[in-house]
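Pasting in a structure now, in structure tokens, and then I'll have a few things to ask.
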Ligand SMILES: [Zn+2]
């Protein structure tokens with residue numbers, strides 16, 4: 001079974017784990033810049049991270065048999081206004097790199113004014129560069145998740161960004177319906193504080209008419225086993241009796257088409 005993991009923080013994995021992921025069928029992946037990086041205090045640190053992703057991480061993944069592409073964004077928290085301004089100025093130049101396939105993670109977690117401002121600015125850059133976006137939303141456990149999700153959808157509409165070009169990641173059972181009804185792509189992030197692989201399989205089974213909108217990703221695997229959540233979701237879908245083409249629709253066709261990934 002062919003797998004694309006459209007939200008994989010492969011830079012945090014040990015080499016051996018990344019190789020095992022390749023053995024488990026992950027042939028391609030998208031590495032996003034995280035939305036929350038509190039320790040990020042200077043523009044130069046972020047620019048170095050982007051360069052590391054675009055050069056080293058892409059090549060390293062290739063050596064393990066994984067076609068990796070990158071999404072760039074300016075994380076919230078950490079940097080002061082001046083540093084954020086500098087990164088916004090530099091971002092367009094980096095977006096022209098051949099390994100960039102979108103912006104992300106952008107979005108909201110707390111939903112406060114400074115965060116909204118940065119979200120709007122990055123949505124406008126995505127429009128200008130005709131790129132899709134990965135949107136961070138609060139994890140299902142956070143009490144503000146349903147209200148901030150509504151706020152996110154409102155901001156995307158106000159900025160006239162096409163919802164079908166946005167992945168609303170970090171879905172929980174409590175916000176699934178609102179996401180499916182929004183017209184956006186729905187990212188089922190499998191992680192200890194989000195969904196389990198079995199949950200994702202059930203959601204795919206229960207929503208046959210929404211399968212064109214679903215994506216399954218590993219988000220922060222938090223070491224070893226956690227990163228194999230997408231292959232585990234594939235196993236769960238097989239156990240539930242889903243056919244190969246139904247499984248590959250969500251684990252291959254959707255992410256390939258959304259990011260226009262160079263895989264065959
Ligand atoms: Zn993430």
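Throughout, read-outs are computed from the coordinates displayed, never taken from laboratory work. This is a predicted model, so every value here is computed, not measured. In this analysis, Cβ positions are derived from the backbone assuming ideal geometry, glycine residues included, and neighbour counts consider all displayed protein chains.
Remind me, relative contact order of region 74-147 in percent, using alpha carbon pairs under 8 angstrom and six or more residues apart? Before the final figure, lay out each step's value.
On the way: 63 pairs, mean separation 23.6, N = 74.
The value is 32 percent.
Shifting gears a bit: Express in whole angstrom the spacing between the alpha-carbon centres of region 187-264 and region 61-123.
24 Å
Relative contact order for region 62-116: what percent, with Cα pairs under 8 Å and sequence separation of 6 or more?
46 percent
Quick check on region 168-264: take the gyration tensor over C-alpha atoms, sort the square-rooted eigenvalues as a ≥ b ≥ c, and tell me if it's rounded (a/c under 1.5), prolate or oblate. Could the numbers behind the result be given before it?
Numbers: a/c = 1.19, a/b = 1.07, b/c = 1.11.
Since a/c stays below 1.5, the shape of region 168-264 is classed as rounded.
Separate question: With springs only between Cα atoms under 10 Å apart, run a GNM on the chain and tell me which of 55, 181, 193 wobbles the most.
Taking springs between Cα atoms under 10 Å, the residue moving most is 181.
Oh, and also: Where a ≥ b ≥ c are the square roots of the eigenvalues of the C-alpha gyration tensor, would you call region 113-193 rounded, which needs a/c under 1.5, or, failing that, prolate if a/b is larger than b/c, or oblate?
Values: a/c = 1.84, a/b = 1.52, b/c = 1.21.
Prolate, because a/c is 1.5 or more and a/b exceeds b/c.
Ok, one more. I need the peptides 243-252, 29-38 ranked by packing, meaning the mean over residues of other C-beta atoms within 10 angstrom, with the highest value on top.
Working: 243-252: 18.2, 29-38: 21.4.
Ranking the peptides 243-252, 29-38 by packing returns 29-38, 243-252.
Taking a ≥ b ≥ c as the square roots of the eigenvalues of the Cα gyration tensor of the chain, is the shape rounded (a/c under 1.5), prolate (a/b larger than b/c) or oblate?
Values: a/c = 1.66, a/b = 1.23, b/c = 1.35.
Note, shape of the chain comes out oblate.
A follow-up question, please. Which whole-number percent gives the relative contact order of the chain, counting Cα pairs below 8 Å spaced six or more residues apart? Walk me through the numbers on the way to the answer.
Numbers: 492 pairs, mean separation 49.6, N = 264.
Relative contact order, the chain: 19 percent.
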